1. Can you compute 3J(HN,Hα) from phi for each residue in region 76-86, using the Karplus curve 6.51 cos²θ - 1.76 cosθ + 1.60 with θ = phi - 60°, rounded to whole Hz and x for Gly and Pro?
2. Classify region 319-377: rounded, prolate or oblate, from the alpha-carbon gyration tensor (a ≥ b ≥ c, eigenvalue square roots; a/c under 1.5 rounded; otherwise prolate if a/b is larger than b/c)?
3. Taking loop as defined by DSSP and a crowding limit of 16 other beta carbons within 10 Å, which chymotrypsin sites (Phe, Trp or Tyr not before Pro) in region 1-101 fit?
4. I'd like the FRET efficiency for residue 140 and residue 365, computed as 1/(1 + (r/R0)^6) with the beta carbon distance as r and R0 of 30 Å, rounded to 0.05.
5. Compute the signed sum of charges (Lys and Arg +1, Asp and Glu -1) over the other residues within less than 10 Å, Cβ to Cβ, of residue 40.
6. Which order do the peptides 331-338, 4-11, 55-62, 262-269 come out in when sorted by mean C-beta neighbours inside 10 angstrom, highest first?
7. Please state, rounded to one decimal and in Å, the Kirkwood hydrodynamic radius that region 293-430 gives when every pair of distinct Cα atoms enters the mean of 1/r.
8. Any chance you could run the full-extension gain for residue 316 through residue 424? It's 0.36 nm times the residue separation minus the Cα-Cα distance, nm to one decimal.
Amino acid sequence: MNRILLRGGRVIDPSAEHDEIADVLIEGERIAAVGRGLRADGAEVIEADGFWVTPGLIDLHCHLREPGQEYKEDIGSGGRAAAAGGFTAVACMANTHPVNDDPATTDFIIDRATHDSPARVYPVAAATKGLEGVVMTEMVALVEAGAAAFSDDGKTIMDGGVMRHVLEYSRLVDAVVITHAEDQTLVGGGVINEGAVSTRLGLRGNPPIAEVVHVARDLILAEFTGGQLHVAHVSTKGAVDLIRQAKDRGVNVTAEVAPHHLVLTDEATAEYNTNMKVAPPLRSEEDRDACRRGLVEGVIDAIATDHAPHAQHEKELEFSAAPPGMIGFETALAVVLDLVRSGELSPLELIRRLSTHPARILRRAGGSLAVGAPADVSVIDPARSWIYDVAKSYSKSRNSPWDGATLTGRAVATLVNGRLVYDVERGILI
Ligand code: DOR
């Protein structure tokens, strides 16, 4: 049997409120023991002194583009980029071509992931056929095929009646509905946050209220139906406030924030850099700070990358015409470690938001280093300084805002199901 000993790391396990120096022994596909001075004759030893050893990071929200847009990404390339970023599992959105709105497509994604991806892949199925917001998908059949959640992400379910029924069915299938909360009538074709920067650049603004109004509607519908709502990529103070109030009332809601919304503002768009174009857009300082506070206070439960690959020729258009999205698997950890460096989050609380909470929201195993748990583990050097060269990314796409940046903190090893799939010195190993 495969045996690996991770020796002498700082073992951070939010599921057990555990943060201390220890060894972790993996046997086969499971965690076999956690403790000091473990003996493991014949085991492969990974020295983790000075590193964090954590439950594998889990990304609730990404775009892998397969089937249909393999020139941007595929399940293999995306899975490798994820593993290189410390992610052991990722949930991929349904806006593929064809849309993942039927069991055969869900099945295809799972099958591809089994063969091609070092990270686990959890398909998020569409909530409505073709992401058109009109006819519900067959949620029961999709869950039976392996769908982990439901979302029309990239598009908004504008019809309140449809959203009501989707939320009602979320109870039946015990899976969250992930809302892309942008009221499209209020977005009004905006391509950047509405404010001083959009005025200065002469670009059409997407106002914060587009998100706030839609989050308000979905929270009320979640309250009414008792359905399980998850708010994707929260970007505004107004949305954070509404989610806080809803949680206080006992509404069944969780939320995520993307790394870019925690550290960047619309000022980053000032050079018309299309790699800064994302939906929802980078917002004001006040919004960014509210997102950070929301994450710290637990109003926002999780960090999700919204890794959204696009080809160079698509991004090399004028700002209004370029598609929104940025890649993020390999940079997310370094970016969000900023909250630990600033003292806003402890390492334990950061890992809770990157692993334990995402597992719970997706109703999947993970987020724990308990004995007997699947051996999905990230080994992280929080202090490693490195230069991100997007040309060397495992992703097929290059649309990162961080190209050339000096980053601090990096995954140095990633283990999935007891196998070492990534090592920072040797790269992807399978
Ligand atoms: O920036 C984004 N890109 N936001 C979305 O909601 C969709 C995504 C994509 O698919 O490219």
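1. Per residue, the Karplus-derived 3J(HN,Hα) values read x, 5, x, x, 5, 4, 4, 4, 5, x, x Hz.
2. Since a/c reaches 1.5 but b/c is at least a/b, the shape of region 319-377 is classed as oblate.
3. Here the sparse-neighbourhood loop sites are 71.
4. Once the sixth-power term is evaluated, E becomes 0.85.
5. For residues surrounding residue 40, the net value is -1.
6. The packing order, highest mean first, is 55-62, 331-338, 4-11, 262-269.
7. Answer for region 293-430: a Kirkwood hydrodynamic radius of 16.6 Å.
8. Length gained, residue 316 through residue 424: 35.8 nm.
FYI, it's all coordinate maths here, none of it is from the lab. Because the structure is predicted, anything quoted here is derived from the model rather than measured. Counting neighbours? That spans all protein chains shown, and the Cβs are built from the backbone with ideal geometry, glycine included.
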